[in-house]
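The values are calculated or read from the model by the stated rules, or taken from the named source; none is laboratory data. Source: prediction; values computed, not measured. Neighbour counts are summed over all protein chains in view; Cβ atoms, including those assigned to glycine, are modelled from backbone coordinates with ideal geometry.
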Amino acid sequence: MKEVSEGRLDLLDPLFEEEMYLCLNCRACEAVCPSGVKYGEILEASRAQIEQARKGTPKARVLRKVVFGGIFTDMRRFRALSAGLRCISAPRCPASPSVAVCSRCSASIRPTS
C-alpha cells in the first residue's frame, strides 16, 4: 500500500489487487499490532480506490450501479428481489415439470421459454 501511495506501484497492478482482496478484513491484526496501525481502514480505502480506478465494461458498470446503488440500498427492493429469486428456484411440480411451485407464496410460475 505504501508503494502505491508513493507511486512506485500501479494501483491496478494484478498482484496488488490480489493482495487487497485476499484479506478477509477481519481486523484481527489490528488487535495485535504493536504500532496500532488501523489496517482495516487502510484496506477499505485501498479497495475503494481500486474500484474507482477500474474501468470495466459499460454493462458491468450499469449492473454494479443497479445492484449496489438500487437494490442493496433499499430493503423493500432487496426483499422483493429475494422473494422473486426464491420463487424462481422453487422445486418443480412433479405433474408438470415446466411449472415451478413456490411454497412461500403458493404461486405457480411458468417459464417463458
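Here are the numbers for this structure:
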| quantity | calculated |
| --- | --- |
| Residue selected from region 18-50 under the condition in a helix (DSSP H, G or I) and among the charged types (D, E, K, R), by the criterion farthest from Met1 (Cα to Cα) | Glu30 |
| Looking only at region 1-35, and only at residues there that are of a type in the set (Ser, Thr, Tyr) and surrounded by 11 or more Cβ atoms within 10 Å (Cβ to Cβ), the one that is modelled with the highest pLDDT | Tyr21 |
| Where Thr73 falls short, out of the listed (1) at pLDDT 90 or above; (2) surrounded by 11 or more Cβ atoms within 10 Å (Cβ to Cβ) | (2) |
| Pairs where the first residue, in region 51-79, is under 21 Å from Glu17 (Cα atoms) and the second is in a helix (DSSP H, G or I), C-beta under 8 Å, 6+ apart | Gly56/Arg64 |
| Thr57 over 27 Å from Met1 (Cβ atoms), loosely packed, with under 11 Cβ neighbours inside 10 Å, among the polar types (S, T, N, Q) and modelled with pLDDT of 90 or more | no |
